[in-house]
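Take a look at the structure set out below.
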Amino acid sequence: MVPMNAPRGKHARVLWALLLGAFVGAVCQMTLGSDHPGLQSFIKNFSSPVGKIFLNMIFMVVVPLLFSALVLGVAEIGEASRVGRIGLRSLALTLLLSGTAVVLGLAAVNFVRPGDGLPEAERQKLISHYAPSADVTKNVDQAKQAKSAADTIVDLIPRNPLDSAVKALEGGILPFMVFALIFGIALAGIEQEKAMPVRAFLEGLFAISLKIVEMAMSFAPIGVFALIFGTAATLGVSAFLALGKYALLVLAVLAIHQFGVYSLALKFIARRSPIAFFRSIREVMLTAFATSSSNATLPTALTTARDQVGLPTSISSFVLTIGATANQNGTALFEGITILFLAQFFGVSLDLGQQAMVMGLAILAGVGTAGVPGGAWPMIAIILVKIGVPAEAIGLCLGIDRILDMSRTVLNVTGDMVIATCVSTWEAKSEPALLD
Ligand code: ASP
């Protein structure tokens, strides 16, 4: 995998773009009024198209990125389980920690409801600003169309995966993901010799997709300025209050998972002092925070696991390498909160079944999300469409994403280190001779 570094200056530029866009937009809204023809025409002909070009750069990569990441992730896990006990133990912990993260996120966002409270008239303005052509009511109705359980399962197995790929941004992604899962399992099950060229091709496709995400992200300051300017000029400051609440909620729940859930796992599974553990992986957490990239943090994680935490290399290199791609607890938690927040903001209420689907998809997102800055967004965009919220809604959150991305990446890599530590403890008990 290609490690990628996100220069710190870029984060600052996006933040400045957000503040500037919000400030200039709010001033225009207050002095001219949001219905001013000049302002309307500026939004329509300049800021909105620029924002859309930025978003389209992210959307265009959804299908290749998701396919290559999921297939490679599943194939790695598939091979891992063939490696036996270590693989199965890591997989069980991955599911447990990702599941807990998503449940925590969904519970918090349902309890705090940061997206509520926008008056209906403002909500309509918001919808027409972000997705003028989208009929949210129709989307929601379609998303909620009652289907029997049997039909729902049958529809998950695609008759034509290419057709599902074409409909990825109109809610057809789920069967395509199931295809990717089956493809990954099959890839892990065939002879090495035959699997190699396919794997090499998918690794190339994955690297190219990441490059496109990186290119889109380098355009982020302009894109974010344009999107936020339009929001502020249309809604004034009211949108930002909800956004602030959402950001604080994400940070609070990430902190609970990082220091609460991980501490419990360390104490009861690995029998280690959480404080000493967090102290020993300080450098890993800082690197993750600075780069916003699990992939870029992998080398630091590998050396810290060996030198500071004292884990056997045979286990840590295996668990950490797979974890950098396939275990992203922070991202799963973040995706759950973001999707429900945007659904609340756009007035889309989700029943229990749909929330369970969001939960399942967010856990899967832990496998399908690339460990690079902004890797979570393509996945969020498609889940949004799936539940009936226009994908363009992500424009609202992207402006404040840098700090949230830096923070969730810390969880992603800490989660890998925690799993490596727990698995090492289990292995030491069952077969001490296997360890270095
Ligand atoms: N930046 C995250 C990572 O590298 C992925 C994401 O959540 O955007 O782990």
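The values are calculated or read from the model by the stated rules, or taken from the named source; none is laboratory data. Keep in mind that what you see is a predicted model, and the values were worked out from it rather than measured. Cβ atoms come from the backbone with ideal geometry, glycine included; neighbour counts cover every protein chain shown.
Restricting attention to the range 357-364, does a residue exist that is among the small types (Gly, Ala, Ser), within 16 Å of the ligand (Cβ to nearest atom) and in a helix (DSSP H, G or I)?
Looking only at the range 357-364, we keep the residues that are among the small types (Gly, Ala, Ser), and these are 360, 362.
Still in the list and also within 16 Å of the ligand (Cβ to nearest atom): 362.
Now narrow it down to the ones that are in a helix (DSSP H, G or I): 362.
Scanning the range 357-364 turns up at least one residue that is among the small types (Gly, Ala, Ser), within 16 Å of the ligand (Cβ to nearest atom) and in a helix (DSSP H, G or I).
Counting just the residues of the range 301-322 that are assigned to a helix (DSSP H, G or I) and more than 17 Å from VAL413 (Cβ to Cβ), which one comes out farthest from the ligand (Cβ to nearest atom)? Walk me through it before giving the result.
Applying the first criterion (assigned to a helix (DSSP H, G or I)) to the range 301-322 yields 301-307, 313-322.
Pick out the ones that are also more than 17 Å from VAL413 (Cβ to Cβ) and you get 313-314.
Numbers: THR313: 23, SER314: 24 Å.
Result: SER314.
Yes/no matrix, rows are residues, columns are (1) closer than 18 Å to THR100 by Cβ; (2) more than 10 Å from the ligand (Cβ to nearest atom); (3) free of Cβ contacts under 8 Å to residues at least 24 places away in the same chain; (4) assigned to a loop (DSSP other than H, G, I, E, B):
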| residue | (1), (2), (3), (4) |
| --- | --- |
| ALA324 | no, no, no, no |
| ILE339 | yes, yes, no, no |
| GLY353 | no, yes, yes, no |
| VAL367 | yes, yes, no, no |
| GLY374 | no, no, no, yes |
| LYS429 | no, yes, yes, no |
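Does ALA207 satisfy the criteria of being of a type in the set (Gly, Ala, Ser) and surrounded by 16 or more Cβ atoms within 10 Å (Cβ to Cβ)? Considered against the rule, which asks whether it is of a type in the set (Gly, Ala, Ser) and surrounded by 16 or more Cβ atoms within 10 Å (Cβ to Cβ), ALA207 comes out as no.
The set of residues in the range 327-337 that are over 15 Å from ASP401 (Cα atoms), within 8 Å of the ligand (Cβ to nearest atom) and part of a helix (DSSP H, G or I) is empty.
In this structure, is MET379 surrounded by fewer than 23 Cβ atoms within 10 Å (Cβ to Cβ) and within 9 Å of the ligand (Cβ to nearest atom)? Show your work before the answer.
Numbers: surrounded by fewer than 23 Cβ atoms within 10 Å (Cβ to Cβ): no; within 9 Å of the ligand (Cβ to nearest atom): yes.
So MET379 does not fit the description; no.
GLY105 satisfies every condition listed in (1) modelled with pLDDT of 90 or more; (2) within 19 Å of PRO373 (Cα to Cα) except (2). Restricting the range 376-403 to residues that are in a helix (DSSP H, G or I) and β-branched (Val, Ile, Thr) leaves a set whose member that is nearest to GLY230 (Cα to Cα) is ILE394.
In summary, ALA393 fulfils each of the numbered conditions (1) within 16 Å of the ligand (Cβ to nearest atom); (2) buried (at least 24 other Cβ atoms within 10 Å of the Cβ); (3) under 25 Å from PRO64 (Cβ atoms) with the single exception of condition (1).
Do you know which residues across the range 226-237 are small (Gly, Ala, Ser) and either closer than 27 Å to THR331 by Cα or at pLDDT 80 or above (or both)? First the steps, then the outcome.
Looking only at the range 226-237, we keep the residues that are small (Gly, Ala, Ser), and these are 226, 230, 232-233, 236.
Result: ALA226, GLY230, ALA232, ALA233.
Look at (1) surrounded by fewer than 16 Cβ atoms within 10 Å (Cβ to Cβ); (2) touching a residue at least 24 places away in the same chain (Cβ under 8 Å) and you find that ALA180 fails only one, number (1). I'm checking my understanding of the structure. Among residues of the range 180-197 that are over 26 Å from the mean Cα position of the chain (by Cα) and in a helix (DSSP H, G or I), which one is modelled with the highest pLDDT? For the range 180-197, the residue satisfying everything is PRO197.
Working only within the range 338-352, note down all residues that are among the hydroxyl-bearing types (Ser, Thr, Tyr) and under 16 Å from the mean Cα position of the chain (by Cα). Don't jump to the end; show me each part of the working.
Taking the range 338-352 and keeping what is among the hydroxyl-bearing types (Ser, Thr, Tyr), we get 338, 349.
Of everything in the range 338-352, just one residue is among the hydroxyl-bearing types (Ser, Thr, Tyr) and under 16 Å from the mean Cα position of the chain (by Cα), namely THR338.
Would you confirm whether or not the range 346-359 contains a residue that is of a type in the set (D, E, K, R) and buried (at least 24 other Cβ atoms within 10 Å of the Cβ)? No, because not a single residue in the range 346-359 is of a type in the set (D, E, K, R) and buried (at least 24 other Cβ atoms within 10 Å of the Cβ).
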